Amino acid sequence: MQNINLIALGSLKEKYFREAADEYKKRLGGKCHVSEIELKDEKLPDNPSPSQISAALDREAEKILAAIPSRSYVIAMCVEGVHMTSEEFSSLLDKTATSGYSSVTLIIGSSFGLSDKVKAKADLKLSMSKMTFPHKLARVMLYEAVYRAHEISSGGKYHK
C-alpha cells in the first residue's frame, strides 16, 4: 500500500474544509496510507517587505525539509509547476510506487509560496491550475486528486 504524506503550512480551521479533507482521507483509507503534517506558518506584518517574506520562507523551509521522510518522491505545489491531467497524475503515482520510493510527499506552502530551497529538493514542481485558490481549498483539491488518481489506477467508476 502506497504511503502519501501531505505537508502543509497552517491548519484547516474552517469546519467545512476539515470535513471535506477528512472525507477524502477516509475514502483513501483502503487505497493508500495518508499522513498529514501541519506546520506552523511564519507570521508576517500586513505589508511585509520582500526581505521579510524571504526570511519567513527560509524559516518555513527548514521545518518543511526536516519533515520530509527519507526515500520519498517529493512534489512541491507551486504556481510555476507543470500541469497534469488526472490520468498523468495517476500514472506518476503508479510509477513512484514501483520505483523504490518509500512514499510520495506533497507540499503546500504558505500564502507566500515555498522557498527555493524546498523547490530545489522537489522531484516535481506541480501546479493545480493557472487560477489562484485559497491554500486551505488547495489541500482539499489535492486529496481529491490523489483519490481520483487511485480510482483511475484501480479502474474505479469515480473518474468516469
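Tabulated data
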item	result
Modelled label reach - THR98, point 7 Å along Cα→Cβ, segment 129-160 residues with backbone N closer than 19 Å	149-156
Helix axis angle, 86-97 relative to the chain longest principal axis, alpha carbon, degrees	90 degrees
Around PHE17: net Lys/Arg minus Asp/Glu count, Cβ-Cβ under 9 Å	+3
Only Lys, Arg (+1) and Asp, Glu (-1) charged, at Cβ; the chain dipole about Cα centre in debye	320 debye
Distance from segment 113-128 to segment 88-106 (C-alpha centre basis), Å	16 Å
Helix 50-67 vs. the chain, principal-axis angle (Cα, 0 to 90°, nearest 10)	40 degrees
Relative contact order (%) - segment 46-150, alpha-carbon pairs under 8 angstrom, separation at least six	39 percent
For the chain, built as a Gaussian network whose Cα springs stay under 10 Å, the top-fluctuating residue of LEU114, LEU106, LEU12	LEU12
Three-way shape call for segment 27-101 based on the alpha-carbon gyration tensor, with the a/c threshold at 1.5	prolate
Dipole-positive endmost among GLY30, ALA76, GLY10 within the chain (Cβ charges, Cα centre)	GLY30
Proximal charge balance of GLU62 [Cβ under 15 Å; K/R count +1, D/E count -1]	+1
Accessible area, probe 1.4 Å, largest first, for residues PHE17, PHE133, PHE112, PHE89	PHE112, PHE133, PHE17, PHE89
Local electrostatic count, SER99, Cβ distance below 14 Å [Lys/Arg +1, Asp/Glu -1]	0
Pairs of lysines in segment 1-114 (C-alpha under 22 Å apart; 8 or more residues apart or interchain)	13
Helix-only CD estimate at 222 nm, as mean residue ellipticity for the chain, using -39500 (n - 2.57) per DSSP H run (n ≥ 4)	-14000 deg cm²/dmol
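The values are calculated or read from the model by the stated rules, or taken from the named source; none is laboratory data. As the structure is a prediction and not an experimental result, all values here were calculated from the model. Here Cβ is always computed from backbone atoms with ideal geometry, including for glycine, and neighbour counts include all displayed protein chains. What goes into the accessible areas is simple: the full protein's heavy atoms, side chains included, and nothing from ligands, DNA or RNA. Shrake-Rupley method; radii C 1.70, N 1.55, O 1.52, S 1.80 Å.
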